[in-house]
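All remarks here apply to the structure that follows.
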Amino acid sequence: MALSFCGNDRGSNAYSVDKGVLDNGCFVDALNLVPHVFLLFITFPILFIGWGSQSSKVQIHHNTWLHFPGHNLRWILTFALLFVHVCEIAEGIVSNTQMESNHLHLFMPALMGFISATTSVVYYHNIETANFPKLLLALFIYWIMAFITKMIKLWKFAEASLGVQELRFCITALLVVLYGLLMVVEINVIRVRKYVFFANPQRVKPPEDLQDLGVRFLQPFVNLLSKATYWWMNPLIIGAHKRPIELKKIGKLPIAMRALTNYMRLKDSYEEQRQKTEDPEKYPSIWKSMYRAFGGSILLSSTFRYMADLLGFAGPLCISGIVEHLDNSTEIDRTNKTVNMTFGVYFMSSTELLQNTSVLAVLLFLALVLQRTFLQASYYVTIETGINLRGALLAMIYNKILRLSTSNMSMGEMTLGQINNLVAIETNQLMWFLFLCPNLWAMPVQIIMGVILLYYLLGNSALIGAGVILLLAPVQYLIATKLADTQKSTLDYSTDRLKKTTEILKGIKLLKLYAWENIFCDRVEDTRGKELTSLKTFALYTSMSIFMNAAIPIAAVLATFVTHAYIEEVRLSPSKAFASLALFHILVTPLFLLSTVVRFAVKALVSVQKLSEFLQSDEIGDDSWRNGEMSMPIEIRKKYKYHGDTKAINRKGRYRMDNYEQPTRRQLRPTETEDVAVQVNDGFFTWGSNLSTLSDINIRIPTGQLTMIVGQVGCGKSSLLLAMLGEMQTISGKVYWSKLPDYEILFDGSTSKNRYSVAYAAQKSWLLNATVEENITFGSPFNKQRYKAVIDACSLQPDIDLLPFGDQTEIGERGINLSGGQRQRICVARALYQNTNIVFLDDPFSALDIHLSDHLMQEGILKFLQDDKRTVVLVTHKLQYLIHADWIIAMKDGSVLREGTLKDIQTHDVELYEHWKTLMNRHDQELEKETEMESQTTLERKTLRRAFYSREAKNHVDDEDEEEEVEEEDDDNMSTTTSRRSKIPWKMCCRYLSSGGFLMVFLMVSSKLAKHSVMVAIDYWLAYWTSSNPHNQSLANPFVNVTNYTQNDDTQIAEHRSYVPVFIILCGAAIVLCLITSLTVEFLGVAAATNLHHNLLNKIIHAPIRFFDVTPLGQILNRFSADTNIIDQHIPPTLESLTRSTLLCLSAIGVIAFVTPAFLIALVPLTVAFYFIQKYFRVASKDLQDLDDSTQLPLLCHFSETAEGLTTIRAFRHEARFKQRMLELTDTNNTAYLFLSAANRWLEVRTDYLGAVIVLTAAVAAIWTSPESSLVGLGLTYALTVTNYLNWVVRNLADLEVQMAAVKKVDSFLSTESENYEGSMDVSQVPEDWPQHGEIKIHDLCVRYDTLLKPVLKHVNAHINPGQKVGICGRTGSGKSSLSLAFFNMVDVFEGRIVIDGIDIYKLPLQTLRSRLSIILQDPVLFSGSIRLNLDPERTCTDDRLWEALEIAQLKNMVKALPGGLDAVVTEGGENFSVGQRQLFCLARAFVRKSSILIMDEATASIDMATENILQKVVMTAFADRTVVTIAHRVHTILTADLVIVMKRGSIMENGKPEILMEQEDGLFASFVKADM
């Protein structure tokens, strides 16, 4: 049949224009082509020229992006236009089928319109990015022309009295409206931008964010299409495949999303409420402020959500239509229609178009695409709002923390834990609530709509099905709350388990030396058992909740269809059955989510409650009195004269007290009145309760001088400093700060406002998580000379040299642990370095030994600070420094006892002076002791050195696995990373499943497969049942005569009901299988978790000691905390979800392919697309998740560290800097989180569109091949479910990949070598009482720590007789300790042997060997529990034996006094005893084990003289008959020994009685003794 534009029907003269040109319909349609052709002619050359010039730089530099006014409206209108054009094409084509010949003019102009509408928007986008508005003129002309031609057409239709009932009339009218609106938009652009017709066009700058190239988050700035599909994310996500995403790549947040902007929004609405309320008691509500600040976006999101939900119902309706019309398509007859042939063409009614199956298929596709787009838009908006809210809340909390009153913190109203919870938990709860809150009002609407539609399809039986769903919803809520409770109890157990594990790892050396590792291992296993019980309950509830989700729709479908079969008169048609099936699928999601949302809503209420309580807590007082307005001149009553004599220090370093007069180092001021820096008048201060802590304070701090505050412990010295800083609550009285000298004000304008900052070093040292250098400079500019001077003054250089990266080493909570003295010195250094006029030092000497204190006093305080003429206030207990003070304040019980110079006090208060003098003499004796012993500092440095020695060794000898991990992280070599990054860790999955046990895996797999097969069977049976009698739509067939009808009716009903039993059986089976699968997966998870943790613990506890030297403690602990937690709680649900969604998708594709095999052809490209999407997404998602985690930690740390260091930050006046830092950290974390959620949206939009394409292909294939209609319904219902589950497959894959890393880390530790516990001798061959005598022979012993390291002992030979007391000495690193470890077979002995009482110890089983010897270690280790547990964990000894041991160790009286005696509590690490006491406990422990050989490894290092003397006595008496080997670092402890061994570099240099060795003048031992005197 020939094609012609106007058609060539018989008898119609298509081209005649007798009745007037415009009355020929065909000519009007031709006229409509003109504007479209015009547009295409004009724009194509421009676009090609434009693209040609751009091809050199495809990515336009993003600061040229700009939105013309009405940007979004234009996009929306264009989309609407495209949709109407599609309808027009469809209508034209369908009408064309009713004509005799082809009438191209019915659909050709519409097609051209579609093309030019698309062109218009592409053209517009290019003009906009290039910011060249003059070219918009072409579009303006196009809209006008199109509007006019369409108007003519409409006018002609109206003239021919065609109305709304004709579809073509409606479409034309719509087009007129749309073109008109677009014209208005265009005019508006001209009006605003004045780019044409006006003399001066407006100059426009792109938004600020886009001019800053650091902003990479472009969602707010791109056009609507890119916004909806996240097109702008493509380069980032695809690029991640080649190179990991780093923080640089994700850049900064746009201004509108920064924490500061949102904080201002929230704070404004919060303050506004505060001003409105008259009632001062009533606090502003956070809910209201949140609504005011963020309500708009939530409304927008809810709107999107509603649109998506309503569009969601289009799916089932279209399916119903398609199935129905496939059935009837053969029977459409034209007899009963009056054909409307105005203008010689066919006009169709609106309903007729919707009866065309192809049109319905396209509509279904469009509805799905739109629904998914709206849904993702709604998600995105809520997530963005949630993130904004979280940023605002964090800033609000932080500002509050900085203003919290100190008493709140110290009196425990606001603990650090609470603040951390606010930051880590409550803000996140609120954020999550925001994410989910549109569901709160969208879901009820969705449910009601669903039920109405079901009722419309199925009548009353639908209500029964809905009733089943509604009745079971509360059960789900119950399960959800139970889950939350169980999770809490699990958490408690796991914290407890971690505590015990940490203890074991910290004391692992001792446990191994005493052969106690298994006992303590069982303690952990005990707790783990409780934790697992709790986990099992958790697993049970989880599986119940999963089961409910799967079973509810089945139960509902069962109830509905069975009742329908029995009560309804009408036969169930396939179209209705499958539409209702799809509706039930839709209904399940909101009901399942509802329980979660309600739970979150309840949590959010609690969180807001906590937040508002926190925001209402007490704040610190007003700053007005710190501002240095001295309201009264201070008359100074006396003038002090100092005469002087320099101080003398004798050789021992003792201060002479007789000649204490002040040194004349500083000239006196000529003025009559001494300057005063701070003065307190009649001060009464309190810490919050109304009892005043400090009362009647009248003091003054002279400017530029050294003031000391002394007094007993707890008399209020520190409080006095804090009161001057304004940290305490003032009951009455005033604190005055003097004004700055004028020249200072000029120097720094900001200081004149406030009391200038005070450099303050608190008593409890406070460090930032930053490098040493950052901790000292503390935000001040770096000045090399000054920095060097400060470090020398605090003698930090040797400590810094020990650190792995010098002063660039991270310290603080997350960094390297320093000892107390080192931390304190860094804090003092910070105070010295700051360029402030006033320095407050709160007992800086408390953790330092005498040498350091002297050095600090001389170099730091006297030299460094006073050369700068800074005012120093020093709180101290070291009275010997009083002679340096210019001014002394003595305190007692919260009030000032005396104030003045030392001379004053000597003359006026002789008693006090004498008291001081006696105290000082006592100090002197201690001094002598301290100088004799190796100082604490050297010890601290030694432990630091040990820690790093082992780490360095680790860097040399790296076991394979670690190396591989490192390589994976650091390797930037393209090829290797790419291949490695996109692989799914199958090996680890197998490892995980195998630890779950073969039976469980088999059960899981088989039950899963069975369940999905049964599910498919149910739906197939439904299809079979509904199509059993297709042509008999209603049971009463009108053509059959009545008598025939009744019996026919009965048989039909009977036949109809015969399908029910099978249906019931299948549904029952499905429900049972749901239960089984959900249980097997969860319990598989529990089994795997049990095995993995058990193996990990055993492996690590039995690992050789070398392993612990080489592996940082934090790394091991991470395996037990974070990784175990992931394995316990996160992998099972992910695994469940992954298997379920994968199987659902596969079964769906299987069903569709079974119904319409043609679908398989289309499946190939879809699978390829899906493969690439998931491949790119998984890599990017993993990176972004890592970024999110790694940026969260610093944020939380910053909060906790601010809360700890409040007083310091406020004294330094550094609040602004810390706020800035907090905002930066929050923004960084929010950027990562935003990108992560945008990436999730990117994925979901793409998988959803893929799902829509699957539905479209399935529908089209079904229409073309037209199989049985019920099967088509089946296929399409399944196709609809695919759209929901495709993105879950990918997301679960990505999650599982991240979580499998935890299994990998645990697995890497499972491959460590264990110690060889067997030995070559049998236990039975060892005598019960071995070693009987304690004779030790060492033959040619060679020892190394690792096969790759040099030996530490070389060919050592020695013989020790029974009962001898032996001393071993030598410099650090000479191999003394290694020798002691060799006795216990703790190191690698590769040559030689040690024979004890005739048995070679290396042949013995380790347990036997180690349980028969005793050792006392250098650092005392106690475990939390009871005293009994610490002395005798095996429970083998009687109480008398324990008391005897305690008596020998001089602890009996102390223990008796404790509540519970032997069962008294020992806290973690034995913190409730002093170091000396702990060491004595270790001695008692060694004594309890009646072994004839005792080894003491530098056991007296951390003890004071008195305790040491006790130890020596005990060793002489209680151990008189035993062999004692003492490893000494202070030679004088072994002068009384029977035998002395001197070691150097792993060999024995001298060996003999100490008296003989002393006589050798040039011998090593003699030189040691000399040095020690």
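Out of the residues in segment 444-456 that are of a type in the set (A, V, I, L, M, F, W, C) and surrounded by fewer than 19 Cβ atoms within 10 Å (Cβ to Cβ), state the one that is nearest to Leu593 (Cα to Cα).
Val445
Among the residues of segment 3-33, write down those that are modelled with pLDDT of 75 or more, open to solvent by 20 Å² or more (accessible area, probe 1.4 Å) and in contact with a Leu (Cβ under 7 Å, 6 or more places away or on another chain).
Scanning segment 3-33 gives a single hit, Phe5.
Looking at the structure I just gave you, is Ser489 surrounded by fewer than 19 Cβ atoms within 10 Å (Cβ to Cβ), touching a residue at least 40 places away in the same chain (Cβ under 8 Å) and either in contact with a Gly (Cβ under 6 Å, 6 or more places away or on another chain) or not aliphatic (A, V, I, L, M) (or both)?
The answer is yes for Ser489.
Confirm whether Leu436 is in contact (Cβ under 8 Å) with a residue 24 or more places away in the chain, within 30 Å of Met264 (Cβ to Cβ), more than 23 Å from the chain's Cα centre (by Cα) and in a helix (DSSP H, G or I). Reasoning before the result, please.
Details: in contact (Cβ under 8 Å) with a residue 24 or more places away in the chain: yes; within 30 Å of Met264 (Cβ to Cβ): yes; more than 23 Å from the chain's Cα centre (by Cα): no; in a helix (DSSP H, G or I): yes.
Spelling it out, it is not the case that Leu436 is in contact (Cβ under 8 Å) with a residue 24 or more places away in the chain, within 30 Å of Met264 (Cβ to Cβ), more than 23 Å from the chain's Cα centre (by Cα) and in a helix (DSSP H, G or I).
Go through segment 339-355 and count every residue that is assigned to a loop (DSSP other than H, G, I, E, B) and either open to solvent by 50 Å² or more (accessible area, probe 1.4 Å) or at pLDDT below 75 (or both).
Filtering segment 339-355 down to residues assigned to a loop (DSSP other than H, G, I, E, B) leaves 339-341, 345-348, 354-355.
Subsequent filtering for residues that are either open to solvent by 50 Å² or more (accessible area, probe 1.4 Å) or at pLDDT below 75 (or both) retains 339-341, 345, 354-355.
Count: 6.
Taking segment 1333-1361, which residues are in contact (Cβ under 8 Å) with a residue 24 or more places away in the chain, in a loop (DSSP other than H, G, I, E, B) and either open to solvent by 80 Å² or more (accessible area, probe 1.4 Å) or aromatic (Phe, Trp, Tyr) (or both)?
Answer for segment 1333-1361, where residues must be in contact (Cβ under 8 Å) with a residue 24 or more places away in the chain, in a loop (DSSP other than H, G, I, E, B) and either open to solvent by 80 Å² or more (accessible area, probe 1.4 Å) or aromatic (Phe, Trp, Tyr) (or both): His1333, Tyr1345, Thr1347, Leu1348.
Test each condition in (1) out of contact with any strand residue (DSSP E or B) (no Cβ under 9 Å at 6 or more places or on another chain); (2) at pLDDT 85 or above for His884 and report the one that comes out false.
So the condition that His884 fails would be (1).
To keep it simple, each residue is scored yes or no on (1) open to solvent by 20 Å² or more (accessible area, probe 1.4 Å); (2) out of contact with any helix residue (DSSP H, G or I) (no Cβ under 9 Å at 6 or more places or on another chain); (3) closer than 30 Å to His241 by Cα.
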residue: Ala1148; (1), (2), (3): no, no, no
residue: Pro1157; (1), (2), (3): yes, no, no
residue: Leu1163; (1), (2), (3): yes, no, yes
residue: Val1168; (1), (2), (3): yes, yes, yes
residue: Ala1180; (1), (2), (3): no, no, yes
residue: Asp1186; (1), (2), (3): yes, no, yes
residue: Ser1190; (1), (2), (3): yes, no, yes
residue: His1198; (1), (2), (3): no, no, no
residue: Ile1209; (1), (2), (3): no, no, no
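Can you confirm whether Ile1416 is free of Cβ contacts under 8 Å to residues at least 24 places away in the same chain and in contact with a helix residue (DSSP H, G or I) (Cβ under 6 Å, 6 or more places away or on another chain)? Spell out how you get there, then give the answer.
Values: free of Cβ contacts under 8 Å to residues at least 24 places away in the same chain: no; in contact with a helix residue (DSSP H, G or I) (Cβ under 6 Å, 6 or more places away or on another chain): yes.
No; evaluated as a whole, the condition is false for this residue.
Leu1271: assigned to a helix (DSSP H, G or I), touching a Gly at 6+ places or on another chain (Cβ under 9 Å) and not small (Gly, Ala, Ser), yes or no? Explain how you work it out, then say what you get.
On the way: assigned to a helix (DSSP H, G or I): yes; touching a Gly at 6+ places or on another chain (Cβ under 9 Å): no; not small (Gly, Ala, Ser): yes.
For Leu1271, the condition - assigned to a helix (DSSP H, G or I), touching a Gly at 6+ places or on another chain (Cβ under 9 Å) and not small (Gly, Ala, Ser) - is not met.
Given the conditions (1) basic (Lys, Arg); (2) open to solvent by 60 Å² or more (accessible area, probe 1.4 Å); (3) in a helix (DSSP H, G or I), report the number of the one that Lys227 does not fulfil.
The one condition Lys227 does not meet is (2).
If Ala1239 satisfies every condition in (1) touching a Phe, Trp or Tyr at 6+ places or on another chain (Cβ under 6 Å); (2) of a type in the set (A, V, I, L, M, F, W, C); (3) surrounded by 20 or more Cβ atoms within 10 Å (Cβ to Cβ) but one, which is the exception?
Of the numbered conditions (1) touching a Phe, Trp or Tyr at 6+ places or on another chain (Cβ under 6 Å); (2) of a type in the set (A, V, I, L, M, F, W, C); (3) surrounded by 20 or more Cβ atoms within 10 Å (Cβ to Cβ), the odd one out for Ala1239 is (1).
Given the condition surrounded by fewer than 17 Cβ atoms within 10 Å (Cβ to Cβ) and under 22 Å from Ala677 (Cβ atoms), answer yes or no: does some residue in segment 819-841 qualify?
yes
Scan Asp1322, Asp1307 and give me the residue that is at negative phi, surrounded by fewer than 18 Cβ atoms within 10 Å (Cβ to Cβ) and not hydroxyl-bearing (Ser, Thr, Tyr).
Numbers: Asp1307 fails: surrounded by fewer than 18 Cβ atoms within 10 Å (Cβ to Cβ).
Just a single option satisfies the conditions, and that option is Asp1322.
Filter segment 1124-1146 down to the residues that are of a type in the set (S, T, N, Q) and closer than 27 Å to Thr501 by Cα, then identify the one that is least open to solvent (accessible area, probe 1.4 Å). If you could, list the steps in order and put the result at the bottom.
Here is the first cut: in segment 1124-1146, the ones of a type in the set (S, T, N, Q) are 1124-1125, 1129, 1134, 1137, 1139, 1141-1142.
Those still in the list that are closer than 27 Å to Thr501 by Cα too: 1124-1125, 1129.
Numbers: Thr1124: 8, Asn1125: 66, Gln1129: 31 Å².
Residue satisfying both the conditions and the ranking: Thr1124.
Does segment 1537-1567 hold any residues that are within 22 Å of Ile1495 (Cα to Cα) and open to solvent by 30 Å² or more (accessible area, probe 1.4 Å), and which are they?
So the first thing to find is which residues in segment 1537-1567 are within 22 Å of Ile1495 (Cα to Cα), and the list is 1537-1554, 1565.
Within segment 1537-1567, Asp1538, Lys1544, Arg1545, Ser1547, Ile1548, Met1549, Asn1551, Lys1553 qualify.
Go through (1) more than 30 Å from Gln1115 (Cα to Cα); (2) touching a helix residue (DSSP H, G or I) at 6+ places or on another chain (Cβ under 7 Å); (3) open to solvent by less than 60 Å² (accessible area, probe 1.4 Å) one by one and return the number of the condition Leu511 breaks.
(1)
Rundown of residues vs (1) in a helix (DSSP H, G or I); (2) surrounded by 15 or more Cβ atoms within 10 Å (Cβ to Cβ); (3) in contact (Cβ under 8 Å) with a residue 24 or more places away in the chain, yes/no style:
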position: His241; (1), (2), (3): no, yes, yes
position: Lys249; (1), (2), (3): yes, yes, yes
position: Glu272; (1), (2), (3): yes, no, no
position: Ser302; (1), (2), (3): yes, yes, yes
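Identify, please: which residue in segment 410-434 is of a type in the set (A, V, I, L, M, F, W, C) and surrounded by fewer than 20 Cβ atoms within 10 Å (Cβ to Cβ) and is, among those, modelled with the lowest pLDDT?
Met411
Would you point out the residue of segment 578-601, among those that are touching a Pro at 6+ places or on another chain (Cβ under 7 Å) and open to solvent by less than 10 Å² (accessible area, probe 1.4 Å), that is modelled with the lowest pLDDT?
Restricting to residues being touching a Pro at 6+ places or on another chain (Cβ under 7 Å) and open to solvent by less than 10 Å² (accessible area, probe 1.4 Å), the top hit is Phe584.
Any idea how many residues of segment 1513-1535 are crowded, with 16+ Cβ neighbours inside 10 Å, over 15 Å from Ile1360 (Cα atoms) and of a type outside the set (D, E, K, R)?
Our first condition is that a residue be crowded, with 16+ Cβ neighbours inside 10 Å; within segment 1513-1535, this holds for 1514-1515, 1518-1519, 1522-1531, 1533-1534.
Keeping just the survivors that are over 15 Å from Ile1360 (Cα atoms) gives 1514-1515, 1518-1519, 1528-1531, 1533-1534.
With of a type outside the set (D, E, K, R) added as a condition, the list becomes 1514-1515, 1518-1519, 1528-1529, 1531, 1533-1534.
Matching residues across segment 1513-1535 total 9.
Pick from segment 768-784 the residues that are among the aliphatic types (A, V, I, L, M) and not in a loop (DSSP other than H, G, I, E, B): which of them is farthest from Asp799 (Cα to Cα)?
The initial filter retains those residues of segment 768-784 that are among the aliphatic types (A, V, I, L, M), namely 768, 770, 772, 776.
Cutting the leftovers down to not in a loop (DSSP other than H, G, I, E, B) gives us 770, 772, 776.
Values: Ala770: 16, Val772: 11, Ile776: 14 Å.
Filtering segment 768-784 for residues that are among the aliphatic types (A, V, I, L, M) and not in a loop (DSSP other than H, G, I, E, B), the one farthest from Asp799 (Cα to Cα) comes out as Ala770.
The values are calculated or read from the model by the stated rules, or taken from the named source; none is laboratory data. Computed from a predicted structure; not experimentally measured. Reconstructed Cβ throughout: ideal geometry from the backbone, glycine too, with neighbour counts over all protein chains shown. Remember, those area values only see protein heavy atoms, side chains included, never the ligands or the DNA or RNA. Shrake-Rupley method; radii C 1.70, N 1.55, O 1.52, S 1.80 Å.
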